[in-house]
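One structure is given here, and the rest of the page talks about it.
Coordinate-derived values only; no laboratory data. Everything quoted here is computed from the prediction, not taken from an experiment. Reconstructed Cβ throughout: ideal geometry from the backbone, glycine too, with neighbour counts over all protein chains shown.
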Amino acid sequence: MAERSFAKEVEQLRLGDGDTFEGEGILAVTKALLQSGVSYVGGYQGAPVSHLIDVLNDARPIMEELGVHVENCASEAGAAAMLGASINYPVRGAATWKSTVGTNVASDALSNLASAGVVGGALIVVGEDYGEGASIIQERSHAFAMKSQIWLLDPRPDHPTIVRMVEKGFELSEASQTPVMLELRIRACHVQGSFPTKTNRKGEFSGVNRLTEPVFDYAKVCLPPSTYAQEKEKIETRWPAAVNFVRENRLNEVFDGSADDVGIICQGGMYNAVIRALQQLGLADAWGETRIPIYCLNVTYPLVPDEVSGFCASKRAVLVVEEGQPAYLEDAINTVLRKADVQTRVMGKGLLPMAGEYTGAVVLAGVADFVEGAVPRGVDLRPVLEKRAVIDGHRARGQELLGEPVPTRPPSFCTGCPERPVFSAMKLAEKEVGKFHVSADIGCHTFSTLPPFNIGNTVLGYGLGLASSSGIGPNFEQRTVSMMGDGGFWHNGLTSGVANAVFQGDDGVLVIMNNGYSAATGHQAIPSSVKGGGVRTGGFQPDGQDIERALRGVGVTWIRHVRTYSVPKVISVLRSAMTEKKKGLKVIIADGECQLARQRRIKPEIRKRIADGKRSVRERFGVDEDVCTGDHSCIRLSGCPSLTVKDATDPLKDDPVAHVNNDCVGCGLCGEVSHAAVLCPSFYRTGIVSNPSRWDRFRQRFADRIIARLSVRKAA
Ligand code: SF4
Ligand code: SF4
């Protein structure tokens, strides 16, 4: 199960010569892989590249016809290690993940792969999750490319260019015997466009034409003395081969302009922001005709020194538009120019900010400042500055009209999320056993660090919640609690956290959120996922890849399952884990299917039942306005977006009362929390019955009569 259906996209994967593909950038990459003759693709889910692997998974029949092996790997390290197939054999392969977090995980395999070099083309599609919408550390994949000498493509967000870069990326990889990274920013992944397709190619060797002879070559094994020779080969042979290939195939693009005493050098991924800024300033048209020459680096590593110096030689100044820090490109361009004795002034960071996302507004400001300072030949500054003033005026006016800054809207658990009750329970448990340190992990449950919970003192990486407790745990009087999702558990938490904690004899508490999916990345299946949906709950499962079986396998003996929505039970199991006399790791498996996935699964079923005239009951919760006092402690212990406030109709009540809106999925947490915290009896549960039976109607009529009678008495 994945977050959306890819039926349309799957059909587009079959397009052949002369057809036209239309859709998202990341799906164009998927089609380009098949046109390039890949024999295998591996990946680990994560925005913004999850769709690539989801589509290939949904297109199994096409993959089988082409002999392409597709794997949802256990981690990014596993996906990178798959590329080992291309070290000895002429098979093309691709791996994909979210960067830089995924590249961190994959970097061991990447170092070895880059050192050994490849015979078949190896392409790594990294989704660069950088900027204000990112959910990860603000770093750049560029650093990994430089340290391991992996070539880095950063294509202009334009479908034909993206597709060409995939195809040329494989050729570059083979020509230079080096793996190649294709970096796609979020905007490039989701940019809409079209390109003329080619018929898919079968790989030279693949599942339908298998290899028969293994190849052994010690020069490809990463052990001394091979590694010394590999380093020399990288520098003396592979690097120059790559530079020649990039130059000869014109992978970088020059867009000429009449004001050619200045220029702009940009990462390919920043081209659209640059050309838009020039358009807004009246220095380019809607078709991309620019007055300021642009050197667009579709390959950001390695640079082609003579191309750089050739572009700059006749210019007084160039602006480098390079998103992120450190300023690798700007520094490298300065070095290239100084070595070539070209005296062009290089500007970049300073006019543009060193850190943070280069949004349209940021690039516009930087380009405008550059143009104003450099005064390009033949450009009348007056209209340029007027246009800028108009845009700045609109922005200022917008701010003025808004008055107050727009309140931030932090992410949060979905309505009815099964993970929320665990944190409600933790807040309540802390009142009994005292405050405890919580090592958080990556996943939806990281939202616990936000209000109203603010639970989770540190976040160290995916599946690393328990490992990150091993230093602080022994220094605390009280046991510490670690979080882990089921996705993180299988990613590496089982070994780096659980097995190690048992091996070391650590004494702590681990809560594993068993929601059944890799939920945060789009509901991809993980080893413990149940076919058809739901979660394995309630204890030891005799077969399948079960979390409890895995825990017992590495020596954990204290294991408890608890249904997350039963807040008193979660409190009770937390209490016993925190106060248990016996030392050793205590693991609580918190079972509750991801509500988003559950709703997507059951809503069509409910709709069908209703359409078929069958009886169907949907549970909802509500707040009795007459009882609610308006102190809102329920909201402080829940945070469900459905649990909100409204003005009281009672004129004697000053404060707004709690209110459950129509999004409620009836998970029951409100009532559980109120009960467990002994708050108030204002919550009630109701059932919305569609196609009621005769018994339902009779009961309702009866209840209505009783209520009417009581109301009359009350009024009297
Ligand atoms: S996607 Fe699922 S697990 Fe994640 S916050 Fe939403 S309901 Fe909870
Ligand atoms: S029952 Fe309460 S917590 Fe659950 S979805 Fe409805 S309002 Fe939200």
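Just a few scattered comments:
- Dipole magnitude of region 1-91 about its Cα centre (Cβ charges: Lys, Arg +1; Asp, Glu -1), debye to nearest 20: 160 debye
- What the phi angles of region 224-230 give under the Karplus curve with 6.51, -1.76 and 1.60, with θ = phi - 60°, is a coupling list of x, x, 4, 4, 5, 5, 4 Hz, glycine and proline written as x.
- Loop-located GluC sites (Glu not before Pro) in region 473-581 (DSSP state other than H, G, I, E, B) with a sparse environment of at most 14 neighbouring Cβ atoms within 10 Å: Glu477, Glu580.
- The Rg/Rh ratio of region 6-110, with Rg taken over Cα atoms and Rh as the Kirkwood radius over Cα pairs, comes to 0.97.
- Debye-sum result for region 189-294 in log10 I(q)/I(0), which assumes one identical scatterer on each alpha carbon, at q = 0.14, 0.17, 0.23 Å⁻¹: -0.90, -1.00, -1.21
- Listed residues Ser173, His190, Ile264: farthest to the positive end of the dipole of region 173-289 (Cβ charges): His190
- DSSP beta bridges confined to the chain are antiparallel in about 30 percent of cases.
- Karplus-derived 3J(HN,Hα) values for region 359-364, using 6.51 cos²θ - 1.76 cosθ + 1.60 with θ = phi - 60°, are 6, x, 5, 5, 5, 4 Hz; glycine and proline are entered as x.
- Near the amide H of Ile265, within less than 5 Å, lie the amide hydrogens of Tyr295, Leu319, Val320, Val321, all on another chain or at least 5 residues away, with H placed in the peptide plane.
- Alpha carbon Rg of region 194-247, scaled by the compact-globule rule 2.2 N^0.38 Å: 1.75
- With kT/(6 pi eta Rh) evaluated at 10 °C and eta = 1.306 mPa s, and Rh the Kirkwood radius from Cα pairs, region 64-218 diffuses with a coefficient of 98 µm²/s according to Stokes-Einstein.
- Inter-probe distance in nm under a simple model that places probes 7 Å from Cα toward Cβ, at Arg552 and Glu64: 3.5 nm
- Eligible lysines near Lys581 by straight Cα distance, threshold 28 Å, same-chain separation 8 or greater: Lys427, Lys431, Lys435, Lys569
- Sequence-distant residues sharing a close amide H with Ser39 (under 5 Å, placed H): Arg92, Gly93
- Estimated FRET transfer efficiency when R0 is 51 angstrom, pair Gln192-Glu625 (beta carbons, to 0.05): 0.65
- Within the chain, helix-based [θ] at 222 nm, where runs of 4 or more DSSP H residues each add -39,500 (n - 2.57), nearest 500: -11000 deg cm²/dmol
- At full extension, Asp217 and Ala7 could sit 71.3 nm farther apart than now, given 0.36 nm per residue minus the alpha carbon distance.
- For the chain, with +1 on Lys and Arg beta carbons and -1 on Asp and Glu, the positive-most of Thr290, Ala429, Val390 along the dipole: Ala429
- Within region 452-508, the percentage of alpha carbon pairs spaced more than 15 angstrom apart rounds to 46%.
- Over 28 Å (Cα to Cα) - which of Lys98/Lys586; Lys8/Lys202; Lys168/Lys315 fall in this group: Lys98/Lys586; Lys168/Lys315
- Summarised in one figure, the compactness ratio Rg/Rh of region 599-716, Cα atoms and Kirkwood Rh, is 1.03.
- As an equivalent ellipsoid, the chain spans semi-axes of 51, 34, 26 angstrom, where each value is the square root of five times an eigenvalue of the C-alpha gyration tensor, largest first.
- Approximate spin-label separation Asn334-Ser693, in nm, with each point projected 7 Å along Cα-to-Cβ: 7.9 nm
- Principal-axis tilt of helix 239-248 within the chain, Cα atoms, nearest 10 degrees: 80 degrees
- Estimated FRET transfer efficiency when R0 is 45 angstrom, pair Leu385-Thr237 (beta carbons, to 0.05): 0.30
- Here the Karplus relation 6.51 cos²θ - 1.76 cosθ + 1.60, evaluated at θ = phi - 60°, turns the backbone of region 127-134 into coupling constants of x, 7, 8, 10, x, 5, x, 6 Hz, with x for every Gly and Pro.
- Potential lengthening between Arg709 and Ala355 on full extension [0.36 nm per residue; Cα-Cα distance subtracted]: 120.6 nm
- Size of region 474-563 as Cα extents on the principal axes (Å, biggest first): 44, 28, 23
- DSSP-defined beta bridges in region 87-239 - what % are antiparallel, rounded to 5: 5 percent
- The chain: angle of helix 101-116 to the longest principal axis, Cα-based, in degrees nearest 10: 40 degrees
- As a rough guide to protection, the peptides 51-61, 181-191 ranked by mean Cβ packing within 10 Å, highest first, stand as 181-191, 51-61.
- In region 153-237, chymotrypsin sites (Phe, Trp or Tyr not before Pro) in a DSSP loop with at most 10 other beta-carbon atoms within 10 Å: Phe216
- With N as its number of residues, region 382-516 has a Cα radius of gyration that, divided by 2.2 N^0.38 Å, comes to 1.53.
- The label-point distance for Glu580 and Asn454, in a model that sets each label 7 Å from Cα toward Cβ, rounds to 3.1 nm.
- Solvent-free Debye scattering, log10 I(q)/I(0), computed from the Cα coordinates of region 248-297 at q = 0.14, 0.16, 0.26, 0.28 Å⁻¹: -0.30, -0.40, -0.98, -1.11
- FRET efficiency for Thr686 and Arg14, using Cβ-Cβ distance with R0 set to 45 Å, rounded to 0.05: 0.35
- Degrees, to the nearest 10: 328-339 long Cα axis against longest axis of the chain: 10 degrees
- Dipole axis of region 435-535 (+1 Lys, Arg; -1 Asp, Glu on Cβ), positive-most option in Ser482, Gly505, Leu450: Leu450
- Compactness index (Cα Rg / 2.2 N^0.38 Å), region 270-392: 1.04
- Counting DSSP beta bridges with both ends in region 264-383, the antiparallel % (nearest 5): 10 percent
- Residues whose amide H lies under 5 Å from that of His659, counting only those 5 or more places away or on a different chain, are Thr644, Val645, Lys646; hydrogens are built 1.01 Å from N in the peptide plane.
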